[in-house]
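Encoded as structure tokens, the structure appears first; notes follow it.
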Amino acid sequence: MPSTSLRALLLWASVSLVIHPVCYGQIADSEAAVVADIPVNYTEAKAGSYTLPDPLRLNDGQPVKNSKTWVEKRRPEIKKLIEENWYGRAPLRPKEMSFEIVEQGAPAFEGKGIRRQVTIHFTKERSGPKMELLLYLPAKSAGPAPVFLNMSFLANNLTVADPKVKVGLRWDRETRTQTPADARPVSGAGATPANRGPRGLRVEQFLDAGIGIATFTKDDLAPDFVRSEALGVKAIYLKPGQSKPADDEWGAIAAWAWGASRALDYLETDKGVDAKRVAIHGVSRLGKTALWAGAVDERFAMVIASCSGEGGAAIARRNYGETLAHMAAPTRFPYQFAGNYAKYSNKVNEWPVDANMLIAIIAPRPLLLQTGNTDKWSDPHGEFLAAVAAGPVYELLGKKGLGTTKFPAPGEPILHDVGYYMHDGGHGTVPGDFEVYIDFMKMHLMK
């Protein structure tokens, strides 16, 4: 791989580590708000200036000038910093994990696909936590197919429009137990965006493109509510007398990402899958999860993160939309992160990492950030700026970052090795986003 190029150095100089608010008119200002008794700024001019940690400078201050130093020294440094101060360390693959093929291969979607259902057991007794993996492969594929691995808010039977999918489980916040996922509100107070709603995964689009598609629910790994640190797969690893993981150990996002790696463990055994061409995808908090899964597990060939926002691809040092303090507030989402994360709620500028570093350690693999221009809470502009700031690492490794510092208009994708696409709309995915996903996969995984 080439050493640091002049182009990379010029781009880094143009971005600078000191970032000042710049607005290209795509995200209109809104009135300020208050969430969890914490102010929320929606005015770009008030986002503030800040200095980002430099991904191309070692902890001892020495510059990273070549790919060898990046791979052997700097990337491991950043990964460790993120583990300890953001998502938390997760265990390795369980030695006694096993795969139970519930359905070997049945025709689905009018013969376009072959459906496979797999239960992944994490313990020898098979009585503990387990996850259900649903896989569709193109029926007419000439060989092992690339796969779009989706992480869902809902059980598999509520994620796809296929009545033959077994009923999964969901966590009940009141009883703190898992119950059958045979119903979920689709409107009103309990509604979720279209991307999370029942049967919202567009399986046929991927099959028509020659791409397999797999999905599992985060509820199979860890609950998504406060004071749940000892539930789900984390319970397997608690030591006697330990009520929750240590402050540098996994939160829910790391547990969900750990589940994505276990799904990939299975996909590596499936002869219908090309496991070297698997893209990991998630939306919102699962967009954060996709970023961390791809960062920590280099077997994932591509990362597609939708509306990951604060705690994901958006720069935390920006005072815009949701902030680190909002994420870590005791009544909101502290359980999603390592315990150390909350220590920076009121001193984010002292946090040793930020979103540009998370994006950087995904390099040189392709990364697509997808968002919506009205999703101000998730700070679409902050995601774009983080991707720009991570560009020099991609350049160092011989790849192409965004290649621009100009914020694009909605509907104008930038698709290089780093991609950015903002639909005209709000949080989550819309049907047209999946076409962009497929185009990105074709560009990088189906040449």
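None of the figures in this text is laboratory data; all of them are computed from the coordinates on show. Values in this document were obtained by computation on a predicted structure and should not be read as measured data. Quick reminder, even Gly has a Cβ in these numbers, built from the backbone with ideal geometry, and neighbours come from all protein chains shown.
Using only Cα atoms, what is the ratio of the radius of gyration of the range 198-266 to 2.2 N^0.38 Å? Please report the intermediate quantities before stating the final value.
On the way: Rg = 15.7 Å, N = 69, 2.2 N^0.38 = 11.0 Å.
Dividing the Cα radius of gyration by 2.2 N^0.38 Å gives 1.43.
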Open item on the list: Between 259, 403, 294, where does the largest GNM mean-square fluctuation fall for the chain, given springs only between Cα atoms within less than 10 Å?
Closed with: 403
Open item on the list: As I understand it, the value is the acute angle between the Cα axis of helix 252-267 and the longest principal axis of the Cα atoms of the chain; what does it come to in degrees, rounded to 10?
Closed with: 60
Open item on the list: Taking the alpha-carbon distance from residue 234 and a cut-off under 27 Å, which lysines remain once sequence neighbours fewer than 8 residues away in the same chain are dropped?
Closed with: 79, 80, 95, 124, 130, 166, 218, 244, 288, 343
Task: Selection of GluC sites (Glu not before Pro), the range 97-155, meeting DSSP coil and at most 10 other Cβ within 10 Å - done: 110, 125
Open item on the list: Using only Cα atoms and rounding to the nearest 10 degrees, what angle (0 to 90) does helix 431-445 make with the longest principal axis of the chain?
Closed with: 80
Task: Cα convex hull of the range 36-80, projected area averaged across orientations, nm² - done: 5.5
TODO: Report, largest value first, the span of the C-alpha coordinates of the range 98-283 along each principal axis, in whole Å.
DONE: 53, 40, 27
Task: Given charges at beta-carbon only (K, R positive; D, E negative), |dipole| of the chain in Debye - done: 940
Open item on the list: With every atom except the alpha carbons ignored, what do you get for Rg and Dmax of the range 263-306, in angstroms?
Closed with: 10.5, 32
Open item on the list: Please report the net charge: other residues with Cβ closer than 14 Å to the Cβ of residue 314, K and R +1, D and E -1.
Closed with: -2
Task: Cα-centre dipole for the range 98-283 with unit charges at Cβ (Lys and Arg positive, Asp and Glu negative), debye to 20 - done: 140
- [ ] Place +1 on the Cβ of every Lys and Arg and -1 on the Cβ of every Asp and Glu in the range 98-283, take the dipole about the Cα centre, and give the residue among 242, 111, 146 whose Cα lies farthest towards its positive end.
- [x] 111
Open item on the list: Taking the Kirkwood radius as the inverse of the mean 1/r across Cα pairs, report the Rg/Rh of the range 296-447.
Closed with: 0.97
Task: Listed residues 55, 323, 420: farthest to the positive end of the dipole of the chain (Cβ charges) - done: 55
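Need one number: the % of Cα-Cα pairs in the range 69-118 sitting beyond the 17 Å mark.
Details: 796 of 1225 pairs.
Within the range 69-118, distances greater than 17 Å cover 65 percent of Cα pairs.
With +1 on the Cβ of every Lys and Arg and -1 on the Cβ of every Asp and Glu, and nothing else charged, how large is the dipole of the range 36-82 about its Cα centre, in debye rounded to the nearest 20?
Working: 9 positive and 6 negative charges, 76 e Å.
Dipole of the range 36-82, to the nearest 20 debye: 360 debye.
Can you work out D for the chain in µm² s⁻¹ from Stokes-Einstein, where Rh is the Kirkwood radius over C-alpha pairs, the temperature is 10 °C and the viscosity is 1.306 mPa s? Don't jump to the answer; show the numbers that get you there.
Numbers: Rh = 22.0 Å.
In µm²/s, the coefficient is 72.
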TODO: On a 0 to 90° scale, report how tilted helix 6-15 is relative to the longest principal axis of the chain, with both axes built from alpha carbons and the result rounded to the nearest 10.
DONE: 80
